[in-house]
1. Please find, among 44, 29, the residue that is at pLDDT 90 or above and surrounded by 16 or more Cβ atoms within 10 Å (Cβ to Cβ).
2. When both residues are 6+ apart or on different chains and their Cβ atoms are under 6 Å apart, which pairs have a first residue that lies in the stretch 93-120 and is modelled with pLDDT of 95 or more, and a second that is not in a helix (DSSP H, G or I)?
3. Name the one entry in 107, 99 that is farther than 17 Å from residue 160 by Cβ, surrounded by 14 or more Cβ atoms within 10 Å (Cβ to Cβ) and within 18 Å of the chain's Cα centre (by Cα).
C-alpha cells in the first residue's frame with residue numbers, strides 16, 4: 001500500500017515525529033492523498049514492532065513528549081521491496097502507480113518497465129471499455145461529458161506511459 005511506502009520514505013529522509021510525517025506527506029502529495037491518524041499511528045506501531053523503524057522519546061519542557069521515528073536497515077530494504085511489489089491490482093489504482101513512478105530511481109530498469117507495462121495494459125482495457133460505452137446514452141449529456149473526460153484522461157496517461165517506456169528503454 002502506498003501509504004506505508006510514503007511513511008517509510010519520510011522517515012528515511014530524516015527522523016521525524018508523527019505529525020511531521022503527516023505534514024510532509026500532505027505537503028508533497030496532498031493533492032493526491034490524505035493521511036489520517038487512523039492510518040498513520042497504527043502503521044508506525046506495526047513498523048516499530050517489525051523492526052523497520054525505531055522510536056525514541058523526545059522530552060519537551062512544558063509540552064507532551066514526542067516520539068521520534070528513525071529508519072533501520074530493514075526499513076530501507078522494505079522501501080525497495082514495497083516499490084517493487086506492484087501487482088495487477090495496484091495497476092488499477094492511479095495513485096499506487098504514480099507513487100511508484102516517482103520512486104523509479106530506486107529500482108531496476110526491468111522493474112520500471114514491468115510497472116509501466118502493467119499500468120499500460122490496465123489502461124488499455126479501461127480505454128476499450130470506455131470506448132464501448134461512447135454514444136450509448138445519447139439523452140444524457142452530462143454522463144457523456146464525464147465519459148469523454150475519462151476517455152481523454154486515460155488516453156493521455158497511455159501516451160505519457162509510452163514516453164516513459166521509450167525513455168526507460170534508451
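The values are calculated or read from the model by the stated rules, or taken from the named source; none is laboratory data. Everything numeric in this text was worked out from a predicted model, so none of it was measured. A quick note on method: Cβ atoms are made from the backbone with ideal geometry, for glycine too, and the neighbour counts reach across all protein chains shown.
1. Unique residue meeting the criteria: 44.
2. Correct list of pairs: 115/86.
3. Going through 107, 99 in turn, the sole match is 107.
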